[in-house]
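These notes are about the structure you will find just below.
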Amino acid sequence: MNREEQQHSVQMRGPLRRIMIAVDDSKASTQALRFASRVVPRDAQVRIVCAAEQPDAWNAGGAYTAGDAWMTGALNAARDWQADMLVVGTRHQGRMKRWVDGSVSGALAVCAPCPLLVVPVEYEETNGHAPLARILLATDGSPASAQAIDAALRLAEPQATLRAVYVVDRSSVAGDPVPGSVLEDALADLGRKALASAHTQLDVSGRAYETALVATGRMRDDVAHTVLRDARDWQADLVALGTQGRRGVARWLLGSVAQRAIEITHVPLLLVGPGAA
């Protein structure tokens, strides 16, 4: 393992044992509870926190600020309880006035002191209460990606199959004066290095896994859509990704990728931000 791989690798820790689920009275929260019952270990401690309506959350201009207050409450509760994972539901229909709004979920993903599991209300389970069988790991080779892989390994059952993917963002070089094949080759090289780092981390876990380079379309496409298309085609039960990747030629900046993924996903997301231990 070279110096960069050593820097990005994450030492495997034990299973996730302290799970906090943040709910309100929405269908999204019901779906989050249902999915949590499928993935939470039987011997885990579970704490459910509920958001209560606050009449003074409206300011004089009519802007709703309760989401920020509830987000702060959820973060503080997860931090004080030393939660291993925070679970929330999300829905995509417009600007919601509750913390299950996608925008609030996105903010939680960046600020959460632990991995954040976001369950979309549209998610349709096909395996009932069966353990997660297939987990997709989106990586760019960064420490954030390594943390996301670690969180997924801590959540997954030993028999789960993993797939690590790196997205070659061809749409980002479509208008570049350098010939597309040259830049795409450079992006592919970065991807192979990122996947090599994931190989090292996954080898240590002893889990069954595969890796792949995938690519966006040349026009009107992005990394988030490409990751979720691959998740759909591979029939993933869960997608894991970091929320703060490295900048550079690849132009990943996983924070924005994660936010976009939250907005469009129909599969649960496991997100690990810079605040996660």
Of the listed peptides 38-45, 188-195, 258-265, what is their order by residue-averaged count of other C-beta atoms within 10 Å, with the highest listed first?
-> 258-265, 188-195, 38-45
Using the Karplus equation 6.51 cos²θ - 1.76 cosθ + 1.60 (θ = phi - 60°), what ³J(HN,Hα) coupling, rounded to whole Hz, does each residue of the stretch 44-50 give in order, writing x for Gly and Pro?
-> 7, 8, 10, 10, 9, 10, 10
Karplus 3J(HN,Hα) series, Hz, for the stretch 131-141 with 6.51 cos²θ - 1.76 cosθ + 1.60 (x for Gly, Pro) = x, 4, 9, 9, 10, 8, 10, 8, 10, 10, x
Additional length obtainable on full extension of the chain from Asp189 to Ser256, 0.36 nm per residue less Cα span | 21.9 nm
Which far-off residues, 5 or more places away or on another chain, put their amide H under 5 Å from the one on Ala133, with H placed in the peptide plane?
-> Asp237
Using 7 Å Cα-to-Cβ label points, what is the Glu122/Glu157 separation (nm, one decimal)?
-> 2.8
Roughly speaking, what is the stretch gain from Asn76 to Arg218, that is 0.36 nm per residue apart minus the C-alpha to C-alpha distance, in nm to one decimal?
-> 46.9 nm
Once you have the Cα-Cα distance between Arg17 and Val182, take 0.36 nm times their residue separation minus that, and quote the gain in nm to one decimal.
-> 54.7 nm
Compute the distance in nm between two label points, each set 7 Å from the Cα along the Cα-to-Cβ direction, one at His266 and one at Ala44.
-> 2.5
Report the local net charge at Ala212: Lys and Arg +1, Asp and Glu -1, summed over other residues whose C-beta lies under 13 Å from its C-beta.
-> 0
Which residues' amide hydrogens lie under 5 Å from the amide hydrogen of Ile21, considering only partners 5 or more residues apart or on another chain, with H built in the peptide plane?
-> Arg47, Ile48, Val49, Val87
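Rule-based calculations on the coordinates, nothing more; no lab input. All figures in this text were calculated on a predicted structure; none of them were measured in a lab. Methodologically, a virtual Cβ is constructed for each residue, glycine included, from the backbone with ideal geometry; neighbour enumeration extends over all protein chains shown.
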